[in-house]
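Comments concern the structure below.
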């Protein structure tokens, strides 16, 4: 798909405003796009405009945690001037840039050559841009523009945020004050509720993808970032079949087995992250990813109160329900989980809703042949626990966790872990 500049199709281009256009959903705030969302083409600015833009003052790199780059001064779309480098990944780079049309700092995420040449990665990248282009919510990163130029890899432009990821904060401070934990949990739930309402599944909820706004160590809010793995919950895209995407430490069993996902998959990941906030550690760790898959498939998540005794029983119950192995045994939607969080955090009166097992025992069986083969290998490698059932309390079942046996070397206790060293600006590549 080639971008057009001085061509007859430029007459079809509409200039967008900062307000969303409900009558023309293809229009993107802050950029120029054709009426058809499959094309990313924009009008060429005049020579006078270009000259004025190039005289714009540089951006303060330190304010955004950016570092110098050899691409500084380079323009994308004759509008976005690269100022500094924010992060790099296997298939894309993230730059701090200046929107010379309106004078605001922005962030540009652009595929590198390797990523652009990979059809699957390229499509997921463009799907991320499409999914978020008209999505404006206070808990979601705002995509301002995206393009697929003829002379380079595709890129998307987002608002520039000042702060740090939750992963960065947890790297310095494994246990956070309960007031901050409350804010993070509640606002993440708000964001996920909005994402799911649009029929999207994030598929990679983790501390590295939650950006804390404001001063380091004293945030006032957060936004969910990096939707590079997001997909429609009702999508039947055959290209995504048999592909495992996500971060193993936070992945639901159906996700590890490359089965279809829905909002309950994000609920599982959110439950693991909530455990991390309450316990100051992750529930599972192993030296090999295959053993982590075994934990996610077979091991019940222990109670956060085992590791941080001041954790309220209500919060233990929320984590347990959110992280059950079978999706039907979890919260049916994020709204239901939000209600229990409000009760647990004292924001409203009542008791968290008690829910027994819909599928008893709480075991997830893969739906595809590859997944079943992997599950069989995992079962042979692990001496697994008896499934959680109504005849055994979930606390008692979780207490057996240290008895798990693993063939992974140098792992004395399968529940031990070392905190993840997520980079503050990690780019999730799948």
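The values are calculated or read from the model by the stated rules, or taken from the named source; none is laboratory data. What you see is a predicted model, and the numbers here were worked out from it, not measured in a lab. Cβ placement follows ideal geometry from the backbone for every residue including glycine, while neighbour counts extend to all protein chains displayed.
Just the residues that are without any contact (Cβ under 8 Å) to a residue 40 or more places away in the chain and assigned to a helix (DSSP H, G or I), please, taken from region 329-363.
Selection gives 329, 336, 339, 340, 343, 344.
Looking only at residues in region 94-110 that are assigned to a strand (DSSP E or B) and more than 21 Å from the chain's Cα centre (by Cα), which one is surrounded by the fewest Cβ atoms within 10 Å (Cβ to Cβ)?
104
Could you list, in sequence order, the residues of region 307-317 that are in contact with a helix residue (DSSP H, G or I) (Cβ under 7 Å, 6 or more places away or on another chain) and either closer than 25 Å to residue 257 by Cβ or in a loop (DSSP other than H, G, I, E, B) (or both)?
307, 308, 311, 312, listed by residue number.
Name the single residue, out of those in region 198-217 being assigned to a loop (DSSP other than H, G, I, E, B) and touching a strand residue (DSSP E or B) at 6+ places or on another chain (Cβ under 6 Å), that is farthest from residue 167 (Cα to Cα). Before you say what the answer is, go through the steps one by one.
So the first thing to find is which residues in region 198-217 are assigned to a loop (DSSP other than H, G, I, E, B), and the list is 198-199, 202-206, 216-217.
Of the ones still in play, those that are also touching a strand residue (DSSP E or B) at 6+ places or on another chain (Cβ under 6 Å) are 199, 216.
Numbers: 199: 27, 216: 12 Å.
It comes out as 199.
Restricting the search to region 141-188, which residues are in a helix (DSSP H, G or I) and crowded, with 19+ Cβ neighbours inside 10 Å? Full working, then the answer.
In the first step, residues of region 141-188 are kept if they are in a helix (DSSP H, G or I); the result is 166-172, 178-188.
Across region 141-188, the qualifying residues are 166, 167, 168, 169, 170, 184, 185, 187, 188.
Is there a residue being assigned to a loop (DSSP other than H, G, I, E, B) and loosely packed, with under 14 Cβ neighbours inside 10 Å anywhere in region 285-306?
yes
Can you tell me which residue in region 40-68 is modelled with the highest pLDDT, limited to those that are at negative phi and within 26 Å of the chain's Cα centre (by Cα)?
So the residue we want is 67.
Being out of contact with any helix residue (DSSP H, G or I) (no Cβ under 6 Å at 6 or more places or on another chain) and not assigned by TED's automatic domain parsing to the domain that holds residue 75 narrows it down to one residue among 97, 197; which is it?
After applying the criteria, what remains is 197.
If I filter region 111-129 down to residues being in contact (Cβ under 8 Å) with a residue 60 or more places away in the chain and surrounded by fewer than 18 Cβ atoms within 10 Å (Cβ to Cβ), which single residue comes out as nearest to residue 76 (Cα to Cα)?
Only one residue fits best here, namely 123.
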